[in-house]
Amino acid sequence: MDKLYASTNAPGLAAELIIASLNTNVHVYPVSPALTVIEKYTAKQLAALFGLNGPRAGGISAQGGSASNTTSIVIARNVLFPETKKNGNYGYRFVLFSSAHGHYSVEKAAQMLGFGSNAVWNVPVDRKGQMIPQSLEDLIVKAKSEGMTPFYVNATAGTTVLGSFDPLEQIATICRNHNLWFHVDASWGGSFAFSRKQRAKLAGAHLADSITVNPHKMLGVPVTCSFLLGADMTKFHRANTLPAGYLFHNDYSAADVNGNATIPKLECEPPEVWDLADLTLQCGRRADSLKLFLSWTYYGSEGYERQIDSACNLAAYLAAAVSDCPNLLLISENPPPCLQVCFYYAPNKQPVFRRGQEIEGKQIDEEERSKRNSKITEEVVQKLVRRGFMVDFAPPAGDHPLAGDGKFLRCVLNLQTKKETVHALLDAVLAVGSEVVGQCERENAINVPETFVGAKPFRMGNQGERGHGPVVHH
């Protein structure tokens, strides 16, 4: 319940054993023919779930979401500005745009690729944590007016903290109007594509140039298993292929290999690429796609759908329980957009250190108040470990109205979480929170909001009731 992944499953373990036993490299077809076919097939089926159904749609596996995102940026630059493949970034002041709640891997990639952190412009988000399209439009116009070259927009489907989904359709329109590469980081929320109830949150993903999705997160596939999906895999190839005759034995022209700004499109239908390393930044490539292939075959799309829907119902149940508890303060939407629920331990629904609070006759400012409230949350998290629970914490955005209330608890559910686990967690939070706040009251000589004593422990209910049951597709 701490991070965005969980324990694995039987087909995943079987896949790991097979991969380790074969000990091969999925870089060229001759040394991994079956695994190459499996990766291409699995990626194409996964892409289809997002509406990428064109004849050139597909994907590749990568060694994690950060690698998938980084690869997408390289492809975007090399496709939109082919000469940079040979000449580098010289002459361009590239700008990338990502949600203020987007993953830090975009900034990491900007550092690695020579753009620098300042090339990543954070787009403001609304109260729900969603990127504001008009703010994106304004920033693109601003970058152009300053002589910079915008080329890439990273939208997020399932942010790390709040689980928010950016408005993909509106963002896609803006990208199309400005000829920018539209990437969707669906590392976390992308698995909602399996659910007919939840996939509406991914509306507009079919308009993306590339999509990152991590089956090792929500679906419980063994780490690592990430896919970078694309609407047109020939772009992946032109962006990444290099002349390595000792490895790749296809005959491509120098223009195809190095990029040629005067040839924006291939003049004839290119041959299908079977040497998958020619599509990626990797040469050494593990057969991670086998893990999703076997798991998907075992559970089936309907099996995954039932598990995801059950987990979403449990997340909604947890959010409602937090909202109804007088000593907890819900931060997430109710119901939450994804499988994480964020909240404070807050006696009588008030922060321990309130605005205008005085300590030793001196009123504390918002920065100090945030630090003190954050310390409360951090100690609650530490003490929960002794009771058998691991959850995480995160700060609100600096301009959020709750910024002074400090860091809050972030509880991540997964497909295996049981309802009785949720009950036990809430009971533990209430007990530990009371203990931590009591100690704080003694140390700081403050009047903490009185705990609502009428709250009763969460009932365990039917011991056999689960968040979900194992689902096998026949």
Note to self: So Arg442 passes all but one of these: (1) at pLDDT 65 or above; (2) crowded, with 17+ Cβ neighbours inside 10 Å. Which condition number does it fail?
What the structure shows: (2)
Next item on the list: From the list Thr224, Thr234, pick out the single residue that is outside the structural domain of Cys312 (by TED's automatic domain parsing), over 20 Å from Val153 (Cβ atoms), of a type in the set (S, T, N, Q) and assigned to a loop (DSSP other than H, G, I, E, B).
Entry: Thr224
Checklist line | Lone qualifier among Lys142, Lys128 - being basic (Lys, Arg), more than 21 Å from Tyr104 (Cβ to Cβ) and either in contact with an Asp or Glu (Cβ under 8 Å, 6 or more places away or on another chain) or at pLDDT 95 or above (or both) | finding: Lys142
Notebook entry, point to check: Any idea which of Ala62, Ala48, Ala43, Ala14 is over 20 Å from Ala231 (Cα atoms) and among the hydrophobic types (A, V, I, L, M, F, W, C)?
Noted result: Ala14
Next item on the list: Given the conditions (1) touching a helix residue (DSSP H, G or I) at 6+ places or on another chain (Cβ under 6 Å); (2) of a type in the set (Gly, Ala, Ser); (3) surrounded by fewer than 17 Cβ atoms within 10 Å (Cβ to Cβ), report the number of the one that Gly404 does not fulfil.
Entry: (3)
Note to self: I need a count of the residues in region 117-157 that are under 19 Å from the mean Cα position of the chain (by Cα) and closer than 20 Å to Phe94 by Cα.
What the structure shows: 9
Item checked: Residue among Ser68, Ser98 that is in a strand (DSSP E or B), of a type in the set (S, T, N, Q) and either assigned by TED's automatic domain parsing to the domain that holds Gly220 or crowded, with 18+ Cβ neighbours inside 10 Å (or both) -> Ser98
Note to self: Which of the numbered conditions does Ala100 fail, given that it passes all the others? Conditions: (1) under 20 Å from the mean Cα position of the chain (by Cα); (2) farther than 29 Å from Ala394 by Cβ; (3) among the small types (Gly, Ala, Ser).
What the structure shows: (2)
Check: Say we look at region 145-172 and pick out the residues that are in contact (Cβ under 8 Å) with a residue 24 or more places away in the chain and assigned to a helix (DSSP H, G or I); which of these is surrounded by the most Cβ atoms within 10 Å (Cβ to Cβ)?
Finding: Ile171
Next item on the list: For region 209-218, state whether one or more residues are within 20 Å of Lys40 (Cβ to Cβ), part of a loop (DSSP other than H, G, I, E, B) and at pLDDT below 95.
Entry: no
Next item on the list: Please name all residue pairs, on different chains or six or more residues apart, with Cβ atoms under 7 Å, provided the first residue is in region 23-50 and is farther than 16 Å from Asp278 by Cβ and the second residue is of a type in the set (Phe, Trp, Tyr).
Entry: Ile38/Phe293; Thr42/Phe293; Leu46/Phe227; Leu49/Phe194
Notebook entry, point to check: Within region 278-295, can you find the residues that are part of a helix (DSSP H, G or I), of a type outside the set (Lys, Arg) and either within 13 Å of Ser226 (Cα to Cα) or not assigned by TED's automatic domain parsing to the domain that holds Ser61 (or both)?
Noted result: Ser289, Leu290, Leu292, Phe293, Leu294, Ser295
Checklist line | Scan of region 322-367 for residues that are surrounded by 18 or more Cβ atoms within 10 Å (Cβ to Cβ) and in a helix (DSSP H, G or I), ordered by number | finding: Val322, Pro347
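The values are calculated or read from the model by the stated rules, or taken from the named source; none is laboratory data. From a predicted model like this one, the values you see are computed outputs, not experimental measurements. All Cβ positions, glycine included, derive from the backbone under ideal geometry; neighbour counts span all protein chains shown.
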